[in-house]
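K.L.:
The following block contains the structure, expressed as structure tokens.
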Amino acid sequence: MSNIREIIAYFPKRIQKGLDGALSKITSQDGMILLEEIRVRSGKPIILRYTNQEQILESYLPSQEEILEILQAICHNSIYSYQNQICNGFITLKGGHRVGITGSSVVVDGKVTNMNYISSLNFRIAKQIIGASNRILKYVLNVEENTVYNTLIISPPGAGKTTMLRDLIRKISSGMEQIRFKGMTVGLVDERGEIAASYKGIPQNEVGTRTDVLDNIPKSIGMQMMIRSMAPEVIIADEIGNEEDVKAIHYAVCSGIKGIFTVHGTTMEDIQLNPCIGKLIDLHIFERLIFLDEKQKGEVKKVYLLGGMGEEYMLA
């Protein structure tokens with residue numbers, strides 16, 4: 001509950017009381033708050049979204065001025081210093097929480113350069129699930145050689161791939177004595193800050209003992225920087241998909257570095273329709289393709305073993 005109170009402190013006093021009252025009534029069986037999001041829209045009721053329900057606070061309709069007041073508090077009264085994050089559509093808070101932002105965007109040469117008239121904020125509550133990657137470990141790890149297979153994790157949005165990837169990074173980086181797997185040096189390119197959730201350069205999420213993080217940087221540039229400067233044994237990035245990503249991944253693998261990446265999709269046909277991902281598969285970059293179940297969060301649906309083995313695992 002303490003981390004939730006840190007978030008409530010960003011709100012105007014009149015709204016803090018209402019949030020405190022609402023949250024005090026919603027707990028799980030073990031007493032832990034199940035809050036996932038606080039959605040704030042100008043002139044609309046605040047909505048609290050929980051794991052299996054939502055709560056609409058009809059008495060609290062924040063004005064656009066109050067939304068700006070909240071944003072000022074988030075930015076420590078220096079919105080200008082957070083301009084890059086705002087233009088990316090979110091701000092990362094201490095503790096790994098993220099605030100999504102919408103408003104009137106200013107676009108120059110195809111890039112967002114400013115965002116005016118902020119109308120909505122979405123506080124997404126950070127949570128780590130230790131053990132989230134347990135179901136895919138046996139497909140990713142090559143324990144005999146103390147390394148990992150080049151792996152692509154495929155799932156639709158909301159299937160838990162980022163949570164799973166974060167836990168996987170922690171285990172690969174710190175090692176697992178119980179299976180005699182020594183930790184590996186991991187280079188994490190966290191373009192949107194979702195995995196490590198760095199705050200002032202320090203990861204707020206546990207990403208392991210031997211993990212170096214580059215965040216708020218395009219994946220293709222970050223991967224090349226990481227390879228040149230930090231000599232990772234494994235390089236990891238979330239949601240690849242463009243031609244520059246393909247070039248960077250090909251460069252990494254050809255440099256002898258293992259890679260674990262994710263992409264949105266549901267079937268093999270989905271990812272083959274993406275010309276960039278299809279190219280990586282045709283180049284035999286990946287040794288494992290892991291599909292997550294779109295209906296059961298965190299569950300594995302299918303695993304393809306590639307690299308000439310020609311074997312396919314079908315999981316119930």
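Values quoted throughout were computed directly from the atomic coordinates according to the rules given, and no laboratory measurement underlies them. The structure displayed is predicted, hence computed values, not measured ones. Every residue, glycine among them, receives a Cβ derived from its backbone with ideal geometry; neighbour counts consider all protein chains shown.
K.L.:
What area, in nm² and to one decimal, does the C-alpha convex hull of the stretch 92-163 cast on average over all directions?
P.N.:
On the way: hull surface 32.5 nm².
For the stretch 92-163, the mean projected area of the Cα convex hull comes to 8.1 nm².
K.L.:
With r as the distance between the Cβ atoms of Q272 and I202 and R0 = 35 Å, compute the FRET efficiency 1/(1 + (r/R0)^6) and round to 0.05. Don't skip to the answer; put the middle values down first.
P.N.:
Details: r = 39 Å, r/R0 = 1.13.
Plugging the Cβ-Cβ distance into 1/(1 + (r/R0)^6) gives 0.35.
K.L.:
Given 25 °C and 0.890 mPa s, compute D for the chain with the Stokes-Einstein relation, Rh being the Kirkwood radius over Cα pairs; round to the nearest whole µm²/s. Walk me through the numbers on the way to the answer.
P.N.:
Working: Rh = 21.0 Å.
Estimated diffusion coefficient is 117 µm²/s.
K.L.:
Let me ask you something else. Identify which of V143, V213, V234 has the largest mean-square fluctuation in a Gaussian network model of the chain, with springs joining Cα atoms closer than 10 Å.
P.N.:
Taking springs between Cα atoms under 10 Å, the residue moving most is V143.
K.L.:
Working only with C-alpha atoms, what are the Rg and Dmax values of the stretch 37-178, expressed in angstrom?
P.N.:
Cα radius of gyration and Dmax of the stretch 37-178 are 19.6, 60 Å respectively.
K.L.:
Apply 1/(1 + (r/R0)^6) to the Cβ-Cβ distance of Q53 and N88, taking R0 = 25 Å, and write down the FRET efficiency to the nearest 0.05.
P.N.:
Details: r = 30 Å, r/R0 = 1.21.
According to the calculation, E is roughly 0.25.
K.L.:
Which residues in the stretch 283-304 have a backbone N closer than 17 Å to a point placed 7 Å from the Cα of N134 along the Cα-to-Cβ line?
P.N.:
Backbone N within reach: 297-301.
K.L.:
Choose one answer from K44, K295, K258: the residue with the largest mean-square fluctuation in a GNM of the chain with alpha-carbon springs under 10 Å.
P.N.:
In the Gaussian network model the winner is K295.
K.L.:
Compute and list, largest first, the equivalent-ellipsoid semi-axes of the stretch 190-258 from the alpha carbon gyration tensor, each √(5λ) rounded to a whole angstrom. List each step's numbers first, then the result.
P.N.:
Working: eigenvalues 80, 39, 18 Å².
Each semi-axis is the square root of five times an eigenvalue, giving 20, 14, 9 Å.
K.L.:
In what sequence, highest mean first, do 125-135, 106-116, 158-168 appear when ranked by Cβ atoms within 10 angstrom? Kindly include the intermediate steps, with their values, before the conclusion.
P.N.:
Details: 125-135: 15.5, 106-116: 10.4, 158-168: 21.8.
Descending mean neighbour count gives 158-168, 125-135, 106-116.
K.L.:
OK, next. Of all DSSP beta bridges in the chain, what percent run antiparallel (nearest 5)? Walk me through the numbers on the way to the answer.
P.N.:
Details: 40 of 62 bridges.
The antiparallel fraction comes to roughly 65 percent.
K.L.:
Let me ask another. Extension gain S105-E65, at 0.36 nm per residue separation less the Cα-Cα distance, in nm?
P.N.:
On the way: separation 40, 0.36 × 40 = 14.40 nm, distance 1.78 nm.
Result for the pair: 12.6 nm of gain on full extension.
K.L.:
Mind putting together the pair-distance distribution for the stretch 162-307? All Cα pairs, 10 Å bins, whole percent per bin, short to long.
P.N.:
Bins of 10 Å from zero give 11, 41, 38, 10, 0 percent of pairs.
K.L.:
Please give the FRET efficiency for S78 paired with L305, using the beta carbon to beta carbon distance and R0 = 35 Å, rounded to the nearest 0.05.
P.N.:
Numbers: r = 51 Å, r/R0 = 1.46.
Between S78 and L305 the formula returns 0.10.
K.L.:
Step through the residues of the stretch 88-99 one at a time and calculate ³J(HN,Hα) from phi using the Karplus curve (6.51 cos²θ - 1.76 cosθ + 1.60, θ = phi - 60°), rounding each to whole Hz and writing x for Gly and Pro.
P.N.:
Once θ is set to phi - 60°, the couplings for the stretch 88-99 become 7, x, 7, 10, 8, 9, 4, x, x, 5, 10, 10 Hz.
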